[in-house]
Amino acid sequence: MNKALTQWAIPVKTLSALLFLGLLGWQTQQWMAKSSTMPIKKVRVEGGLKYIDQESVVKAVGELVQTGYFAIDKATIINKLTALEWVQYASIRRIWPDTIAISIHEQNPVAVWNKTYLLNNKAEPFRVELTQGLKELPHLSGKNSDSERVLSVMGKTNDSIADLGLTVQMLNLADHGSWALKLNNGLTFKAGQQSPEKSVSKSIRVLAALDKQLLERAREIDMRYPNGIAIAWKKTTGLTGKSTKPTFNSTKQHQPLKG
């Protein structure tokens, strides 16, 4: 009889202990959830910010941090921060016993996209006010689904002509797949449906090899021909005041390829 009572006593004690621990945990959770429990006293914005003012960050989350150390709603704060202009993503962390540290990763603009947006270095469009400095970025255009492709072509083209001191200033991919671009020296290209990364560099180097002055006098290079290129020259004025054009010996004329 005593043995049976002892066997029952052990589970009862275990159950009582579990109930006590559960109640203690619930009370602790309720205590931690109170805004009066270890209130936040400091908000720290970490990292150097180029486009965002620290005060605007603190202001954006002001009401959300008027709570306790353990009661902070991280998800809501991050959503509030990522809604700010120039914020690509954000994170927050608690610093014992009364501080919240906010880390902001700003957008890195590399080009103007379709005249009204900017592209970051991941080819993601975002919208902010286009100041004069931002307008001087390369101008890219095309369908939004092609932003990554267009940015990649610009980068590869720049790499291929960097030793010549040239860069892409404008690059467009039309809906029908035709490429057009303009360099920082004003020279424009019609590339048709062939991706221009290598052909632009090749055309420039062929022209420079014949005569370096030809490169300076060229206004537009049409690369849509199957066996060569067509060149439009800048108008130059001689002493007589008449418009003249430099001569250039080319191969037979062909109709340009479609694009």
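Laboratory data are not the source of any read-out in this text; all were calculated from the coordinates shown. Here the structure is a predicted model, which means the values were calculated and not measured. FYI the Cβ positions are ideal-geometry reconstructions off the backbone, even for glycines, and counts take in every protein chain you see.
Counting other Cβ atoms within 10 Å, which GluC sites (Glu not before Pro) in segment 52-96 have at most 15 and lie in a DSSP loop?
85
Roughly what would the spin-label model give for residue 145 and residue 131, points 7 Å off Cα along C-beta, in nm?
Each label point is offset 7 Å from its Cα along the Cβ direction, giving 3.6 nm.
How much net charge surrounds residue 188 when only other residues with a Cβ under 9 Å from its Cβ are counted (Lys, Arg +1; Asp, Glu -1)?
Surrounding charge for residue 188 is +2.
Express in nm, to one decimal, how much length is gained between residue 210 and residue 79 on full extension, taking 0.36 nm for each residue of separation and deducting their alpha carbon distance.
Extending this stretch completely gives an extra 41.3 nm.
Rounded to a whole number, what is D in µm²/s for segment 106-147 from Stokes-Einstein with the Kirkwood radius over alpha-carbon pairs (4 °C, 1.567 mPa s)?
129
What is the distance, in nm, between label points placed 7 Å from the Cα along the Cα-to-Cβ direction at residue 44 and at residue 95?
For residue 44 paired with residue 95, the spin-label model returns 0.1 nm.
Once the piece of chain linking residue 66 and residue 220 is laid out straight, how much longer is it, given 0.36 nm per residue of separation minus the C-alpha distance between them?
49.3 nm
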